[in-house]
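Beneath this line is the structure, given in structure tokens, with notes to follow.
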Amino acid sequence: MRCVFNHHFKMTVPPMSEIRVRFAPSPTGYLHIGNARSALFAWLFARANKGTFILRIEDTDRKRYVQGAEQVIYESLRWLGLDWDEGPEVGGDYGPYVQSQRTDIYRQAAEALIESGHAYRCYCTPERLAALREEQQRRKENSQYDRHCRHLTEEERAVYEQAGKPSVVRFKTPLEGATTFHDYLRGDVTFENAGLDDLVLLKSDGYPTYHLANVVDDHRMKITHVLRADEWISSTPRHVLLYRAFGWEPPKFVHLPMILSPDGGKLSKRRGAVSLLEYRDRGYLPEAVFNFLALLGWSPGDDREKMSVEEIVSVFTLDRMSPKGAAFDETKLEWLNGQYIHELSTEDLLNRVAPLWRDAGFIEGDEMGAERDRLLSILTLLKERARRLTDFVEGARYFFEDPQEYEEKGRRKHWKKPDVGERLNALKDRLETLDVFNEEHLETALRGLAEERGISAAKLIHPARLAISGRSFGPGFFEMMEVLGKETVLRRLDRAMRVLIS
RNA sequence: GGCGCAUUCGUCUAGUGGUUUAGGACAUCGGCCUCUCACGCCGAAAACAGGGGUUCAAUUCCCCUAUGCGCUACCA
């Protein structure tokens, strides 16, 4: 479609924006909520600026690689609604977009740096490095590589090479001076070069480290803005140094604040950090999660809380991002999710709840016709008190099954008076006479009965609700009975009375 | 330990050198509605980390301290 458009209006089409941003996760497991939020902001920045959003898989750590993790990443992003313009499964002009398929590129880049005198081979064994670190820590010195191999003579180097000693490629970090970079949210950040290590660029297994791969790829993929979590701030001066060594212009850096656990600490598996898809499984809607995540660190500048994706895209700017880490408060997400559920059409809601009801054994196959109408009625009754899709499972159980037990609290409160059985029986007799079993007639009948007996309607409603649903709370009593139907209501009243006697 | 980043109600945040008795939302508490539970509505309580400066004036600018977080790997 874009081609057709360009063909006919070639001269009037505004030039494509230069903005290119990427999300570059590692396939080391599920996509957790913090990464998802970084992806979301990168995506928002791209979409808000008519730029290009690129997905790149950074699978250069073979030890931590988890089989199938890429698929989980794709599924997670798609669930949240973050589509990518270039990357795995969609292609693009700067591929491949999986780093393990680009090892030649990194190797050549590392070689070039050695050639130009910006990097060197290091033959130190992991054991030597570990011992060095230990010694430095014992002496309370800063642990840093001692640059042993940086000073090797040609002869020593030749000996190692001839012996086939494994090596890594290290960057020759300048020994003096300082490196400053501009962070979009924090301004200039400066690091003393002396505090930086001679970082490893190429590992002995031939794979690049993040530092090399990320710089090389961001340059080759023409990334204009690097949006990533602020845990990368201290690595950024090294990256800037690398760009300079290559003679490349660095991109703009935007370090996004991180998500904290509710108690303020780092989000970890133990403290509420769960995968994005787990939120899906716990009954959250993608639009609610999107909205919530966007408001964690960004605000529209006014009092809006519930905002659609389109709305957010239309007003999103980096300037309104906060540099401060934010605690993930699920209570508010739950509230927001409830807002979305309440506004969903019942039809839409049914499509989302049906799979859960199928799993629970409430329904089978695709429910159509009259049965579908009944399901929609049930949802109408439950909708406004639901906050998560999963609330529709236990909350709806008694619409599909007769209650097997009666809530203890309700029994104590509504069933303890000696005349309860008699009241229920009178109600049952009255309801039996109804030809039209709808909300209006039910209410008239019950209130009429209450008046005749000189008791409040509540004296009938509460015990009967417990008898019919097994619960002391729920939707309006009369509408609930209408949806349940005469036969079911009478049967359940009977059963409850038998339980009362025993 | 070193280096770096951050710091407004419990939480997410708005805000400006004087217009602020610092605004909104969630949560909390109280009330209304009501057949219960929710929803909704009304109301309450709740914050500029501390100390120095700069200034006629600082929550807003600077410095220090404290606290939190991050990095300090042949992990990303």
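The values are calculated or read from the model by the stated rules, or taken from the named source; none is laboratory data. Predicted model only: the values in this text are computed from it and were never measured. Cβ placement follows ideal geometry from the backbone for every residue including glycine, while neighbour counts extend to all protein chains displayed. When the accessible area is computed, the model is the full protein with side chains, heavy atoms only, and any ligands, DNA or RNA have been set aside. Shrake-Rupley method; radii C 1.70, N 1.55, O 1.52, S 1.80 Å.
Points worth noting:
- Scan of region A:199-239 for residues that are more than 6 Å from RNA strand B (Cβ to nearest atom), open to solvent by less than 40 Å² (accessible area, probe 1.4 Å), touching a residue at least 60 places away in the same chain (Cβ under 8 Å) and under 17 Å from A:Ala110 (Cβ atoms), ordered by number: A:Leu201, A:Leu202, A:Gly206, A:Pro208, A:Leu212, A:Ala213, A:Asn214, A:Val216, A:Asp217, A:Asp218
- One residue alone among A:Ile114, A:Ile105, A:Ile73 is β-branched (Val, Ile, Thr), within 12 Å of RNA strand B (Cβ to nearest atom) and modelled with pLDDT of 95 or more, and that residue is A:Ile73.
- Every pair of residues 6+ apart whose Cβ atoms lie under 8 Å, when the first sits in region A:150-166 and is within 16 Å of A:Gly117 (Cβ to Cβ) while the second is outside any helix (DSSP H, G or I) and among the basic types (Lys, Arg): A:Arg150/A:Arg170; A:Arg150/A:Lys172; A:Arg157/A:Arg121
- Test: residue in region A:327-334 that is surrounded by 15 or more Cβ atoms within 10 Å (Cβ to Cβ), part of a loop (DSSP other than H, G, I, E, B) and at pLDDT 95 or above: no
- Cβ-Cβ under 7 Å pairs, at least 6 apart or on other chains, region A:23-36 side farther than 14 Å from A:Arg64 by Cβ, far side within 11 Å of RNA strand B (Cβ to nearest atom) and of a type in the set (Asp, Glu): A:Ala24/A:Glu58
- Residue in region A:301-322 that is farther than 30 Å from A:Asp183 by Cα and either open to solvent by 70 Å² or more (accessible area, probe 1.4 Å) or near RNA strand B (Cβ under 9 Å from one of its atoms) (or both) present: no
- Region A:191-231, residues that are small (Gly, Ala, Ser) and in a loop (DSSP other than H, G, I, E, B): A:Ser204, A:Gly206
- Members of region A:179-190 that are assigned to a strand (DSSP E or B) and open to solvent by 50 Å² or more (accessible area, probe 1.4 Å): A:Thr180, A:His182, A:Asp188, A:Thr190
- Answer from A:Leu296, A:Leu277, A:Leu242 - the residue that is within 11 Å of RNA strand B (Cβ to nearest atom) and crowded, with 17+ Cβ neighbours inside 10 Å: A:Leu296
- Residue list for region A:154-174, restricted to those being within 30 Å of A:Tyr243 (Cβ to Cβ), over 48 Å from the mean Cα position of the chain (by Cα) and open to solvent by 70 Å² or more (accessible area, probe 1.4 Å): A:Glu154
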